[in-house]
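The values are calculated or read from the model by the stated rules, or taken from the named source; none is laboratory data. Predicted, not measured: the structure shown is a model, and the values here were computed from it. When we count neighbours, we look across all protein chains shown, and the Cβ atoms used for this are built from the backbone with ideal geometry, even at glycine.
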Amino acid sequence: MSEDKKIEKISGIKGMNDILPEQAALWELFENTVQSVLKSYGFQQMRTPIVESTPLFARGLGAVTDIVEKEMYSFEDSMNGDKLTLRPENTAGIVRAALEHNITYDGPKRVWYNGPMFRHEKPQRGRYRQFHQVGAEALGFAGPDIDAELIVMCQRLWDDLGLTNVRLELNSIGDAAERNQHRAELIAYFEQHKDQLDAEAQRRLYSNPLRILDTKNPSMQDLVNNAPKLLDFLGEESKAHFEGVQKILRHNSIPFTINPRLVRGMDYYNRTVFEWVTDELGAQGTVCAGGRYDTLFTMFGGKHTPACGFAMGVERLLELMKLNGDAEVAQSCDVYLVHQGEQAQMQSFVLGERLRDAGLDVVLHCASATGIGSFKSQMKKADASGAAFAVIIGEDEAAAETVTVKSMRSEDFANNQTSVPFDTAVDYLVDQIVGADHDESQCDNPNHIHLHH
Ligand code: ATP
Ligand code: MG
């Protein structure tokens with residue numbers, strides 16, 4: 001009886017995904033594109049811890065929000081009793097860090113982040129318990145210009161990612177006083193129609209009536225459509241701000257629809273709120289959501305610092321990239337080194353280093369559990385690697401100080417291999433690979449030459 005039969009396998013956590021090597025190229029394409037777009041607008045990256053103290057979210061997001069009520073991974077540190085939470089979003093963490101290090105001391109700052117977030121939700125398509133967000137936060141900016149810039153930047157990102165089917169929904173939720181007025185009217189309206197409210201809406205009636213407008217319950221749609229609209233309660237300043245955002249968007253030819261029922265899940269938002277939505281992903285169609293949060297710094301004990309930001313759901317965007325067909329990215333290398341015999345192996349190591357010095361991506365064949373393998377099996381690996389060239393060093397080549405270069409993509413199978421002196425192999429290959437790449441021209445792929453659409 002085998003001993004390992006008894007060993008129970010440990011699985012990953014439900015709703016938390018492994019991102020496998022075959023998905024890496026798509027993630028890299030996405031992340032490199034994000035990085036270059038954000039950099040081109042002057043945003044600087046920030047990385048804050050995945051764990052924060054629980055009150056940060058309870059206070060920052062609002063006690064009666066979905067996230068704080070039922071989605072947080074909170075626990076007590078068994079070493080010291082600290083109350084901790086795996087971050088469900090990163091705006092609160094960024095603002096905490098911004099305050100702690102006074103990063104806006106010399107004026108407004110544009111920052112961005114990328115990383116995993118954690119929410120205890122029911123796992124389904126587009127909804128996971130660990131998921132990733134890329135977010136941007138413009139800290140210390142008060143005007144409608146930055147709100148519009150964030151949106152224009154998103155549009156550029158969609159364009160660069162080849163996404164065509166995302167549309168912008170926009171709303172203004174005013175300031176606290178305007179919301180309070182509206183809230184009173186809203187509660188009065190829902191009280192009049194209490195029989196039409198579902199259990200969740202009844203529960204939220206006095207705690208967070210604005211969120212009732214966000215209901216997905218079909219039988220409540222008429223009710224919420226006819227409810228008093230926050231937009232009608234905006235004062236002059238909020239109205240002017242909202243107009244300002246729209247004007248810049250129109251000037252930049254960014255189409256949008258105003259959705260008066262658009263509210264956001266967190267308490268910290270005011271004035272501008274927006275969502276980028278697609279119809280291609282089923283129920284989880286919001287790929288990016290954001291808005292202004294002028295009071296969050298003061299809620300955390302800082303001085304008044306107006307701010308605006310967004311967060312996008314990376315998994316949903318990757319799904320959309322796949323659907324848009326622009327995601328046929330495969331990771332491959334330039335050269336696969338095949339060798340036989342000890343001397344050849346040593347030369348392969350040397351050649352590999354020299355090729356990498358010259359900027360090429362090289363995979364050196366190494367022994368597996370069954371050994372180094374025959375030429376034939378090594379060539380199979382070379383083929384599967386997607387390499388442009390296999391470089392073969394057998395015992396004959398090693399003795400003659402030559403290498404055999406075999407083109408893996410040539411149509412002309414009879415004439416696709418050449419003998420090249422070992423010492424000129426680097427020049428030869430660089431010429432073949434970089435030269436060919438130049439001929440193909442407009443290499444607009446930020447991911448270097450080994451990503452192929
Ligand atoms: P939803 O209404 O879908 O629950 P939300 O309002 O909770 O979204 P935000 O907190 O605004 O979402 O997060 C911004 C974006 O992050 C969302 O638009 C979505 O793309 C993504 N996102 C949020 N929750 C998840 C999740 N559990 N799994 C995957 N992506 C998510
Ligand atoms: Mg949610």
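Tabulated values for the structure
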{"item": "Strands (runs of 3 or more DSSP E) fully within the stretch 384-433 counting 2 or more residues that are of a type in the set (S, T, N, Q)", "result": "402-407, 417-421"}
{"item": "Selected residue (criterion: nearest to ligand 1 (Cβ to nearest atom)) from residues of the stretch 57-94 that are touching a Gly at 6+ places or on another chain (Cβ under 7 Å) and of a type in the set (A, V, I, L, M)", "result": "67"}
{"item": "Given (1) part of a loop (DSSP other than H, G, I, E, B); (2) among the charged types (D, E, K, R); (3) away from ligand 2 (no atom under 16 Å from the Cβ), index of the condition residue 145 fails", "result": "(1)"}
{"item": "Total residues in the stretch 401-418, condition surrounded by fewer than 13 Cβ atoms within 10 Å (Cβ to Cβ) and either at pLDDT 95 or above or in contact with a Cys (Cβ under 8 Å, 6 or more places away or on another chain) (or both)", "result": "1"}
{"item": "Whichever residue in the stretch 99-142 is away from ligand 1 (no atom under 16 Å from the Cβ), among the aliphatic types (A, V, I, L, M) and not in a loop (DSSP other than H, G, I, E, B) and, among such residues, is farthest from residue 240 (Cα to Cα)", "result": "99"}
{"item": "Cβ pairs under 7 Å, 6+ apart, first in the stretch 154-165 and over 13 Å from residue 324 (Cβ atoms), second modelled with pLDDT under 95", "result": "none"}
{"item": "Odd one out for residue 199 among (1) loosely packed, with under 13 Cβ neighbours inside 10 Å; (2) more than 24 Å from residue 63 (Cα to Cα); (3) not hydroxyl-bearing (Ser, Thr, Tyr)", "result": "(2)"}
{"item": "Strands (runs of 3 or more DSSP E) contained entirely in the stretch 245-316, each with at least 1 residues that are within 16 Å of ligand 2 (Cβ to nearest atom) and within 27 Å of residue 46 (Cβ to Cβ)", "result": "270-277, 286-292, 307-313"}
{"item": "Test: residue in the stretch 76-84 that is crowded, with 20+ Cβ neighbours inside 10 Å, hydrophobic (A, V, I, L, M, F, W, C) and free of Cβ contacts under 8 Å to residues at least 40 places away in the same chain", "result": "no"}
{"item": "Test: residue 238 is modelled with pLDDT of 95 or more, among the polar types (S, T, N, Q), part of a helix (DSSP H, G or I) and more than 23 Å from residue 69 (Cα to Cα)", "result": "yes"}
{"item": "Flag if residue 396 is surrounded by fewer than 12 Cβ atoms within 10 Å (Cβ to Cβ) and either acidic (Asp, Glu) or within 19 Å of residue 429 (Cα to Cα) (or both)", "result": "no"}
